[in-house]
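The values are calculated or read from the model by the stated rules, or taken from the named source; none is laboratory data. Quantities reported herein were computed from a predicted structural model and do not represent experimental measurements. Because the Cβ atoms are built from the backbone with ideal geometry, glycine has one as well, and the counts that use them run over all protein chains shown. These accessible areas exclude ligands, DNA and RNA; they are computed on the full protein's heavy atoms, side chains included. Shrake-Rupley method; radii C 1.70, N 1.55, O 1.52, S 1.80 Å.
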Amino acid sequence: MNVAVLDFGKTNSKLFVFDQDGRILDERRTQPKWTRQGGFSVLDEAALHDWGLGAVTDAVENHGVEGVMVSGHGCTFALVDGKALTHPILDYEQEPPAEIAVRIDRRIPDFAETFSPRLPLGFNYGRHMLWLQAVDPDAFSNATSILGYPQYWSWRLGGRPVSEVSYLGCHSHLWAPRKRDFSSLVDAEGWRGQMPAFERAGAVIGEQRFGNTERSIAIHNGVHDSNAALYAYRRQGLGPLTVVSTGTWVVVLNPDCPLEALDHERDMLVNVDVDGGPVPTIRFMGGREFAVISGGWQGAIPLGSIQQAIDAGLMALPSFAPGGPISDRSGEIIGGTPSAVQRAAVALLYVALMVDLCLDLIHSDNTVIVDGGLNTGGLLAGLLAQLRPGQTFLQGASLEGSATGAAALAFESVGRDFAAEPPEPVRATQFGGLAGYRDAWRDRAAGHGAAAKAAGGAP
């Protein structure tokens, strides 16, 4: 049996074909397009659908795929009437007009109920739902189902409309983790009746034929991408662990962190795993910030350029994107004017130092697994292992933990084994002066050591 996983990210969307041994047999990539329509930035859904349908069809015809699974980025919802969208899918990177924001923000539940901090733009997609309802109430009244982003694509490809807890519980304002039920906002706005019945991530929710094949292909219920990465490793019986999932967002998940330690002012929140359990989380837009700081650098970063940046005191101070644990100032590069390759080194050091701070804030003292595209070549994980010698660091055998976890859920839902490669030990880097560089960065980034003191210091 082979499974096709559509991994819909904000910056890049991918298709992977997995076999039961966890091997990736094929992959394809594209970039979602966003357009202006009706005063909103919205997804070019038709273009992404055409790409996804073509990629799945090829996978079915060329690799004997028997199931299609979806992993999707957070912060996004879809309104459907049984046949089509009742409004284009909103881009979460847009702020409601001030006069609307004042009205809708009064209706957002307390952090104590939802463990969703009040974030800018559409980082809480319940906020964007309130905005759209205020501007276009017909989009809601005409909708029979409110779907999370992965559930939309599972439905669009031939499944039935369903809800899924890891996506609804992803800092949406729509979920109350302690009650394991919808939040007061859902009932106050009358949305509960438009929320379909729940199915576990990976469950078969329909069948569809693709291309010229006569076989019916199973459509599996989708999953939130970072929670899929968490599942990929928890299922392997590795003991207590923290997962650092990297992409457009860097999401740090530590199920062992006390809920009382979460500081809503530092973009700390509760995610919800695929079985409804709370997962304390902290995150920042690390992939986006890396691209801004590095000037869009692609490819490997020479080790010598990292040592040069450390020696010269070249560093990036937060923040270069909305959200994150240090979001009250605009980002800047200090210490001189770096060359292009030094900018890339500074960008990677910035991401490592931010993750290091996040690990302190999320009370991580267990095994850390570093996953995703920012760890290409293992350099990010190596920097973290050097910064935190008291912890064990592992990295995924591939960079695609989200897609791997999604594939595992699909295989397991139909009673098939899935034997992904275990994560690999990380070798710490050996850069001179890195600890002192970290101390200087924390002093400058958060005001004379405030971040280190709030976090309890580095281990």
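Some notes on this structure:
- Selection status of Ser216, among the small types (Gly, Ala, Ser), open to solvent by 10 Å² or more (accessible area, probe 1.4 Å) and out of contact with any Leu (no Cβ under 9 Å at 6 or more places or on another chain): yes
- Taking the criterion of being assigned to a helix (DSSP H, G or I) and open to solvent by less than 40 Å² (accessible area, probe 1.4 Å), the residues of region 274-303 that qualify are Gly286, Gly287, Glu289, Phe290, Ile293, Ser294.
- When the criteria are applied in full, Ala203 meets the requirement of being of a type in the set (Gly, Ala, Ser), touching a helix residue (DSSP H, G or I) at 6+ places or on another chain (Cβ under 7 Å) and surrounded by fewer than 21 Cβ atoms within 10 Å (Cβ to Cβ).
- Wholly enclosed strands (runs of 3 or more DSSP E) of region 305-387 bearing at least 1 residues more than 16 Å from Ala428 (Cα to Cα), open to solvent by 10 Å² or more (accessible area, probe 1.4 Å) and of a type in the set (Asp, Glu): 332-334
- Only a single criterion out of (1) touching a residue at least 60 places away in the same chain (Cβ under 8 Å); (2) among the hydrophobic types (A, V, I, L, M, F, W, C); (3) part of a loop (DSSP other than H, G, I, E, B) is not satisfied by Ala407, namely (3).
- Summed over region 19-50, the residues that are of a type outside the set (Gly, Ala, Ser) and in contact with a Pro (Cβ under 9 Å, 6 or more places away or on another chain) give a count of 8.
- Residue within region 402-424 that is open to solvent by 30 Å² or more (accessible area, probe 1.4 Å), touching an Asp or Glu at 6+ places or on another chain (Cβ under 8 Å) and hydroxyl-bearing (Ser, Thr, Tyr) present: no
- Residues of region 62-87 classified as of a type outside the set (S, T, N, Q), on the phi < 0 side of the Ramachandran plot and surrounded by 20 or more Cβ atoms within 10 Å (Cβ to Cβ), total: 13
- Pairs are defined by a Cβ separation below 9 Å, a sequence spacing of at least 6 or placement on different chains, a first member in region 420-431 that is under 30 Å from Leu409 (Cβ atoms), and a second member that is aliphatic (A, V, I, L, M) and in a loop (DSSP other than H, G, I, E, B); the pairs so defined are Ala420/Ala397; Glu421/Ala397; Pro422/Leu238; Pro422/Ala397; Pro423/Leu238; Pro423/Ala397; Glu424/Ala397.
- Test for Gly299: is it out of contact with any helix residue (DSSP H, G or I) (no Cβ under 8 Å at 6 or more places or on another chain) and either of a type in the set (A, V, I, L, M) or on the phi > 0 side of the Ramachandran plot (or both): yes
- Leading residue by the ranking (nearest to Ile217 (Cα to Cα)) among those in region 14-64 that are in contact (Cβ under 8 Å) with a residue 24 or more places away in the chain and touching a His at 6+ places or on another chain (Cβ under 9 Å): Val17
- Scan of region 69-90 for residues that are farther than 20 Å from Gly276 by Cα and touching a helix residue (DSSP H, G or I) at 6+ places or on another chain (Cβ under 9 Å), ordered by number: Ala78, Leu79, Val80, Leu85, Thr86, His87, Pro88, Ile89, Leu90
- Residue count for region 1-30 satisfying the condition of being part of a loop (DSSP other than H, G, I, E, B) and either farther than 15 Å from Ser71 by Cα or of a type in the set (Gly, Ala, Ser) (or both): 6.
- Those residues of region 133-150 which are in contact (Cβ under 8 Å) with a residue 60 or more places away in the chain, out of contact with any Pro (no Cβ under 7 Å at 6 or more places or on another chain) and either open to solvent by 10 Å² or more (accessible area, probe 1.4 Å) or not hydroxyl-bearing (Ser, Thr, Tyr) (or both), in sequence order: Val135, Asp136, Ala139, Phe140, Asn142, Ala143, Thr144, Ile146, Gly148, Pro150
- Odd one out for Ser245, checked against (1) open to solvent by 30 Å² or more (accessible area, probe 1.4 Å); (2) within 19 Å of the chain's Cα centre (by Cα): (1)
- Members of region 151-166 that are open to solvent by less than 10 Å² (accessible area, probe 1.4 Å) and among the β-branched types (Val, Ile, Thr): Val162
- Flag if Glu93 is open to solvent by 10 Å² or more (accessible area, probe 1.4 Å), among the charged types (D, E, K, R) and without any contact (Cβ under 8 Å) to a residue 12 or more places away in the chain: no
- Some residue of region 167-178 being of a type in the set (A, V, I, L, M, F, W, C), more than 21 Å from the chain's Cα centre (by Cα) and surrounded by fewer than 24 Cβ atoms within 10 Å (Cβ to Cβ): no
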